[in-house]
Amino acid sequence: MRVVIKVGTSLIAPGGQIDANLLRAMVDQFDLNKNEYLIVTSGAIAAGMSGLALRKRPSGVPGMQACAAVGQSKLMHTYERLFFGKKVVAQLLLSSDDFTSPVRYRNLQNALAELLSLGVVPIVNENDSVSVRELVGAFGDNDELSALLATTVQADWLLLLTDVDGFYMPGVRKEPRLLRTVRKLTPALEELCDGKGKLGTGGMRSKLRAAKVASEAGVHVAIVNGRHPHAIEWAMERKIGTYFPPKRGAR
């Protein structure tokens, strides 16, 4: 089984510090003998803020580029340590052009196919250090990127790990209710979403849109709390999180 896992900024670098313990707990859940994994990781800018001793996210593009460049090396160092002795990891920094240009898209497909055939775990991020469009939210904090990647590699599952239990339906007089299954994403559901996080650029709305893209391409999708000790296994068993079933006949 092929699984794409997206880790959001709110999980990987809360307050601008990489949470290595949480990432270790996530990697420990991987069944590396049975499944293929691709990780879409956010957090480069937040991690770079820590490395540069910045208290606030830069408002200008050059400042965010610098943070991304510093933080990306910290991210990869962390992942290399976590997979040491288990799997080889590879870094892929992508932009929207890699999915819209036929030549670049074919090159991306070939590279991913070769890496997976060699048993490598691709660590994917948007190319924040040189691509301005990604810095201003072209991929919604990597949510859309993870959906495009899952579609490209024809993944069985896309797991969007975040710091909440899933998508909640606000109640007028009652407590918000967790939706366990979303079969159709409507504009009304999107309007119920809150805004962006403090350090990230995404939010629940971008996760819903990513889920729509991937599920319509035939991928099983779940939005799940990445802090749960069995988040990956239980999400795929539909015990926790919000599940988006794949569109019939998509493949």
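A few notes on this one:
- Table column - 3J(HN,Hα) (Hz), the stretch 52-58, Karplus curve with 6.51, -1.76, 1.60, x for Gly and Pro: 9, 6, 9, 8, 10, 4, x
- Computed magnitude of the charge dipole of the chain (debye, nearest 20; Cβ of K, R +1, Cβ of D, E -1): 540 debye
- Solvent-accessible surface of the stretch 2-108, taken per residue with a 1.4 Å probe and all protein chains present: 46 Å².
- Within the chain, percent of DSSP bridges classed antiparallel, to nearest 5: 15 percent
- Ordering S117, L158, V224 by the projection of their Cα atoms onto the charge dipole of the chain, which places +1 on the Cβ of Lys and Arg and -1 on the Cβ of Asp and Glu, puts V224 at the extreme positive end.
- Size descriptor, Kirkwood hydrodynamic radius, that averages inverse alpha-carbon separations across the stretch 65-121, Å: 13.0 Å
- Mean ellipticity per residue at 222 nm, deg cm²/dmol - from DSSP H runs of n ≥ 4 across the chain, formula -39500 (n - 2.57): -11500 deg cm²/dmol
- Accessible surface of the chain [probe 1.4 Å, protein heavy atoms]: carbon and sulfur percent: 51 percent
- From the largest down, the chain spans 45, 42, 37 angstrom on the principal axes of its Cα atoms.
- Ratio of the Cα radius of gyration of the stretch 1-99 to 2.2 N^0.38 Å, where N counts its residues: 1.13
- The stretch 1-45 and the stretch 83-98 have Cα centres separated by 12 Å.
- Accessible area per residue was computed with a 1.4 Å probe on protein heavy atoms; E237 scores about 90 Å².
The values are calculated or read from the model by the stated rules, or taken from the named source; none is laboratory data. Keep in mind the model is a prediction, meaning the values are calculated, not measured. Every residue, glycine among them, receives a Cβ derived from its backbone with ideal geometry; neighbour counts consider all protein chains shown. Side chains are part of the model used for accessible areas, which takes the heavy atoms of the whole protein and leaves out ligands, DNA and RNA. Shrake-Rupley method; radii C 1.70, N 1.55, O 1.52, S 1.80 Å.
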